Amino acid sequence: MPHSSARFARRMAVHVGLLLFNGCGRDGAGGRFGVCGDGVVDEGEVCDDVTTAEGDGCSPTCQREEPAAPRCGDGALDAGEACDDGNTAARDGCSGACEVEVPPRCGDGAIDPGEQCDDGNVATGDGCEVDCTKTPAEETVCEELLPLAQGTCEVAAGAGATLIRGVVLAPGRVYRGGRVLVDERGAIACVGCDCEAAGATEIMCPTGVVSPALINTHDHITYTQNSPYTPTEERYEHRHDWRTGNNEHTRIDTPGMASQAQIRWGELRFLMGGATSIVGSGSAPGLLRNLDRADQEGLGQRAVHLDTFPLDDTGGRELVSGCGYSADMVTGKDVEGEDAYCPHVAEGIDVSARNEFVCLKAAPNDVLEPQSAFIHGIGLTAPDYAAMAAEGTALIWSPRSNITLYGDTAVVTAAARLGVQIALGTDWIATGSMNLLRELRCAAALNETYFDGFFTDEELWRMVTGSAAAVTATDDVIGALSTGKVADIAIFDGREREGHRAVVAADPEDVVLVMRGGKVLYGDAAVVSAVRGADACDAVDVCGVSKQVCLRDEIGMTLEDLEQQAGEIYPAFFCGEPEGEPLCTPSRVESAPLNASVNGSTVYTGQPTDADLDGDGIENGADDCPSVFNPIRPLDDGVQADFDNDGDGDACDACPLDAGSTLCSPPDPNDADNDGAPNGADNCPNLQNPGQADADGDGKGDPCDLCPDQANPGALGCTVAIYAIKDGTRAEGEAVALENVLVTGKHASGFFVQAKPGDPGYAGPAYSGVYVYSPQNTVLVGDRVRITSAVISNYFGQIQLGSAVVEVIASLGEAVPAPEPVALADIATGGARAAELEGVLVEMEGVTVIGLDTTVHEFIVTGDLRVDDLLYRADPFPAEGDHFARIRGILIHRNHDSKVEPRGVEDLVAVAAKAGLVINEVDYDQPGGDGAEFIEIYNGAGAPVDLTGHALVLVDGSSSAPSAYRTLDLSSAGTLAAGQYLVVGSTAVVGTDTMPGIVADGAVTIAFSGAQTDRVQNGAPDGIALINTMTGAVIDALSYEGSIPAVTIGGASVSLVEGDALPATVADGGMGAGSLCRLPDGTDTNQAAADWALSATITPGAANVP
């Protein structure tokens, strides 16, 4: 019955009751009272036509009235009317304007029973399909994966990254045969069809449904030691009724104060149901990320502000009007700086419950803000939900607990239609769900039985994933399978249920795998053991399926230990419906201890019948939402909620605020900026651009195009310099591009690029390097690359690029920029140059190891600088007290510390033990004539060395076949003491009996025989070998101005190149004083490029200096 008709019927019932009360009995004299409408014209009556109807010429008081003007709804077919069925209700064949209506059909713009939507057309892909169901997520078939012979997933063990293959539930898209790549840091590196990583562990799940792990946005986990409350038929109207016994209700007394072991057991319940995060009003380290606490297991997000009593009404104060709850009520100013604020609001169905909302949207207590998400929100009206939507305030819905306590729940259909974001929470063990799967099951059951299937499976799934992350302000890191997000992932058995339904309808045994940050915590035994190792986790049988749960490295105990410490407690799972599970069938019955009909509210059993399809206690003909649960609540003042009085109840009205309209305009999720352009077609979906202005024609509207004069269509970013990314000129979240940058270091999930002297726009080393997160990269150090698109992000304090699209434009092995010499203190955490040199090659000298952090394979050196192992792990690992002559690497910022990343063994130049003879210094070229040449030998052994049978062999490598051109016998030097130098050179250097040389005191000398000039060649290339002529062994060698990889000496072919060759550019050019020398003095790591350098200061017979 339409709203107006129902009110008329009630009004007539009151009139009839009054007439019967005063009726036509007899007076004391036995006389008869005249009654209007009895057909007899009595005293005081002008007429009596046997009715009390208006507009028929005789009024309800039996007086003459002018004939009523014809009107629509009077039952008479008047001029201009196509029909008149005696009412003005819509959709009954004759409209409120007395025009013939066509029967309800999909595409007529009205949401009829059985329709999820109706947008007035029969187009596809526009949000509402041709059958009036909501447009599902797009599907991409990547590949057909054949089901396994047994189980859902199998594992091919690898190392480093993890590649998951299956049915992937990504935002707005389902990839069948899709892939999710998780890097070794536990971040999602790739989602789609083409993710690859050589050598990665592969989890193949042909029938597995890969989802973000679930997020529980509301629980009181410190009550988790209790078993569920045993419901009676008593239902409450306000939370203080059951909390404090208000209004003669029975108090529910459930103790809190769960122990740490009991909290962990509660977290285990949620984990086994596919969750990894919770807003739990309590916490224990390990297992779940506690989003409202510091125990976030490395997530590093600002804690959610959970507020159970925003009105400071713990004593049970209820008000039907006014806001005099307390002097300490929350204010808008209190939540200004919060990322996420979650207060309990309107938990109840009476006027006092709604009054909480009224007070919390009024200054100074106005907390209707984008960062707010109201928990419960049961006692609200359509305008209240509209106000929430307008401010971006979300709703956290706990249907099972609502139904158990109040027999009713939030009007989520109206909230969703009005644009409110909705997430699910379990509330608490006493009246809520034991895990999120059971809460989802309740939400799905309500949707199917009482909401006419309003929500799709995808929308329900989103309430525990993406929407849950959004309302907790963690959607930048979790809640979606997207590149750059933390790898919190759950895999569900999809052999019997497909896509999102595999999650929505999952049972405990269907949870195949749960990982948090890439770390496997729970799942099928075969999968967990293959990933974690055979004995790392504890076995548990879940409904006939062998599972394993990994507790030892999380909470320091086994499953058996935890069970013993938790004591007598509700089980971690059930097979089938949990024992004593709270209700999910709405009911409020008259036979309860207190009559459930309050202020004219409906009583009902919640059992749908043919006469009452939605089980709300109102028969179909009188129900303004016959197929959607819409009872009269105590706050509704005796009538079904229908704010716009159009006969369609708020719960099923397509436009709850617009009378008679089916094409209303609440905040539209498909037009985020409300500029009239749908998101999919809007060239600027988050900023208003009604004219769709686009100066450069790249498809990006000018208001949101970061380079409106530089075309960057599609995924292309604005081309910028590395400097602009690192110095803050370009903001986090911007999409940018880099052109022709040089790769300086790489690992499996990304690489570093740096500007180099000579590059266009080069402006020095400060802010010249950046890390590019790109797990699919095939680049090499020395490549020139183009990054066509990447997003600036802040990864735990490091400004870097993510979601990168990379092209190699030259692969020539180009030399990387020379490392920037730095002082240790300047680049340690918080150092003067730490920020500006992040991502830049640096070099430190004279370094000592002062500490070790073996858990993360880092060592700490002088100045508290950490040396990390992202690109290279030292082997053997250094020990405290070890000395390095020089450490080079790329400076990064990770986990709140500045760290240096060596690229290989050549970047860790240890102070050599000086265990033998080395060629230590060579000066082969001087300005003018070469009359002061010399070669210095150093004895780094701990004992004297007899030089008998030792010689220096000088090699000419400029010909096609390198050959020795001179041999200098060292036997005449006799014995060289430990730490002593031998200088072989011209007399200008070593001196004569009559002329002193320039050799330091204490050195042994041998003068060239014969000519004293041009004895050591300076062609390209040339070399020197120190050999033992008696054994033929090469003791040391040097190639300079090029490489001599092979030359015949003493009948054997030998190489004069040690490790990485000395670059030809490191040469004694003869333009000024200088020599090639080992730095630090005497150091020999068998890496010529690292050991040798050009010094402007010659030191024959003494220690070398830079």
When you go through (1) outside any loop (DSSP other than H, G, I, E, B); (2) more than 56 Å from the chain's Cα centre (by Cα) one by one for Gly1101, which number turns out not to apply? (1)
For Arg185, are the conditions met, namely being among the basic types (Lys, Arg), in contact (Cβ under 8 Å) with a residue 24 or more places away in the chain and either outside the structural domain of Glu458 (by TED's automatic domain parsing) or touching a strand residue (DSSP E or B) at 6+ places or on another chain (Cβ under 9 Å) (or both)? yes
Name the residues in the stretch 938-955 that are in a strand (DSSP E or B) and under 12 Å from Tyr981 (Cα atoms), would you? Tyr938, Asn939, Val945
Take the residues in the stretch 441-477 that are touching a Leu at 6+ places or on another chain (Cβ under 7 Å) and in a loop (DSSP other than H, G, I, E, B), then tell me which one is surrounded by the fewest Cβ atoms within 10 Å (Cβ to Cβ). Val477
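Per-residue answers, yes or no, for (1) buried (at least 24 other Cβ atoms within 10 Å of the Cβ); (2) touching a strand residue (DSSP E or B) at 6+ places or on another chain (Cβ under 6 Å):
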residue: Phe374; (1), (2): yes, yes
residue: Ala389; (1), (2): no, no
residue: Ala394; (1), (2): yes, yes
residue: Ala415; (1), (2): yes, yes
residue: Gln421; (1), (2): no, yes
residue: Ile429; (1), (2): yes, no
Checking Ala681, Ala672, Ala693 in turn, the sole residue that is of a type in the set (Gly, Ala, Ser) and modelled with pLDDT of 55 or more turns out to be Ala693
Filtered residues of the stretch 431-449 (kept if touching a Pro at 6+ places or on another chain (Cβ under 7 Å) and of a type in the set (Ser, Thr, Tyr)): Thr431, Thr449
Among the candidates Leu306, Leu287, single out the residue that is assigned by TED's automatic domain parsing to the domain that holds Ala473 and closer than 22 Å to Thr393 by Cβ. Leu306
Before we move on, is Glu267 of a type in the set (D, E, K, R), in contact (Cβ under 8 Å) with a residue 12 or more places away in the chain and buried (at least 21 other Cβ atoms within 10 Å of the Cβ)? yes
Is it fair to say Val130 is among the aliphatic types (A, V, I, L, M) and in contact with a Ser or Thr (Cβ under 7 Å, 6 or more places away or on another chain)? yes
Based on this model, can you work out whether Cys83 counts as at pLDDT 75 or above and either assigned by TED's automatic domain parsing to the domain that holds Glu458 or touching a Gly at 6+ places or on another chain (Cβ under 8 Å) (or both)? yes
Only one residue in Ala137, Ala170 is modelled with pLDDT under 85, under 25 Å from the mean Cα position of the chain (by Cα), farther than 30 Å from Asp49 by Cβ and aliphatic (A, V, I, L, M). Which one? Ala137
By residue number, the members of the stretch 945-957 that are more than 23 Å from Gln1012 (Cβ to Cβ) and surrounded by 14 or more Cβ atoms within 10 Å (Cβ to Cβ) are Val945, Thr948, Gly957
Given (1) outside any loop (DSSP other than H, G, I, E, B); (2) touching a helix residue (DSSP H, G or I) at 6+ places or on another chain (Cβ under 6 Å), index of the condition Gln1012 fails: (1)
Inter-residue pairs, beta-carbon under 9 Å, first free of Cβ contacts under 8 Å to residues at least 40 places away in the same chain and surrounded by fewer than 19 Cβ atoms within 10 Å (Cβ to Cβ) and in the stretch 849-877, second of a type in the set (S, T, N, Q) and not in a loop (DSSP other than H, G, I, E, B), 6+ apart: Thr862/Thr848
Ser482 - would you say it is surrounded by fewer than 23 Cβ atoms within 10 Å (Cβ to Cβ) and part of a helix (DSSP H, G or I)? no
Any chance the stretch 807-825 includes a residue that's touching a Gly at 6+ places or on another chain (Cβ under 7 Å), farther than 27 Å from Lys485 by Cα and buried (at least 19 other Cβ atoms within 10 Å of the Cβ)? yes
Just give me the residues in the stretch 316-344 being under 14 Å from Glu369 (Cα atoms) and surrounded by 19 or more Cβ atoms within 10 Å (Cβ to Cβ), in sequence order. Val330, Val335, Ala340, Tyr341, Cys342, Pro343
Could we say that Asp408 is modelled with pLDDT of 95 or more, closer than 21 Å to His240 by Cα, crowded, with 23+ Cβ neighbours inside 10 Å and among the charged types (D, E, K, R) here? yes
If we keep just the residues of the stretch 619-640 that are buried (at least 24 other Cβ atoms within 10 Å of the Cβ) and in contact with a Lys or Arg (Cβ under 8 Å, 6 or more places away or on another chain), which is farthest from Pro586 (Cα to Cα)? Leu635
Hey, could you check the stretch 285-301 for residues that are surrounded by 14 or more Cβ atoms within 10 Å (Cβ to Cβ) and out of contact with any Gly (no Cβ under 9 Å at 6 or more places or on another chain) and say which is farthest from Asp219 (Cα to Cα)? Gln301
Residue among Ala572, Ala534, Ala539 that is over 24 Å from the mean Cα position of the chain (by Cα), in a loop (DSSP other than H, G, I, E, B) and free of Cβ contacts under 8 Å to residues at least 60 places away in the same chain: Ala534
If you take the residues in the stretch 129-184 that are crowded, with 20+ Cβ neighbours inside 10 Å and of a type in the set (D, E, K, R), which one is nearest to Ser774 (Cα to Cα)? Asp183
Selection count, the stretch 243-258, where residues are closer than 17 Å to Ser227 by Cα and loosely packed, with under 15 Cβ neighbours inside 10 Å: 5
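Quick grid of which residues meet (1) basic (Lys, Arg); (2) touching a Gly at 6+ places or on another chain (Cβ under 7 Å):
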| position | (1), (2) |
| --- | --- |
| Gly324 | no, no |
| Lys333 | yes, no |
| Val345 | no, yes |
| Arg354 | yes, yes |
Looking at this structure, is Asp1084 in contact with a Leu (Cβ under 8 Å, 6 or more places away or on another chain) and not assigned by TED's automatic domain parsing to the domain that holds Pro876? no
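Conditions tested, residue by residue: (1) small (Gly, Ala, Ser); (2) in contact with a Leu (Cβ under 8 Å, 6 or more places away or on another chain); (3) part of a strand (DSSP E or B).
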position: Leu870; (1), (2), (3): no, no, no
position: Asp875; (1), (2), (3): no, no, no
position: Val900; (1), (2), (3): no, yes, yes
position: Val909; (1), (2), (3): no, no, yes
position: Ile919; (1), (2), (3): no, yes, yes
Take the residues in the stretch 1007-1023 that are farther than 15 Å from Val922 by Cβ and touching a residue at least 24 places away in the same chain (Cβ under 8 Å), then tell me which one is surrounded by the most Cβ atoms within 10 Å (Cβ to Cβ). Gln1012
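The values are calculated or read from the model by the stated rules, or taken from the named source; none is laboratory data. Owing to the predicted nature of the structure, the values given are computational and were not obtained by experimental measurement. Glycine gets a Cβ as well: all are built from the backbone with ideal geometry, and neighbour counts include every protein chain shown.
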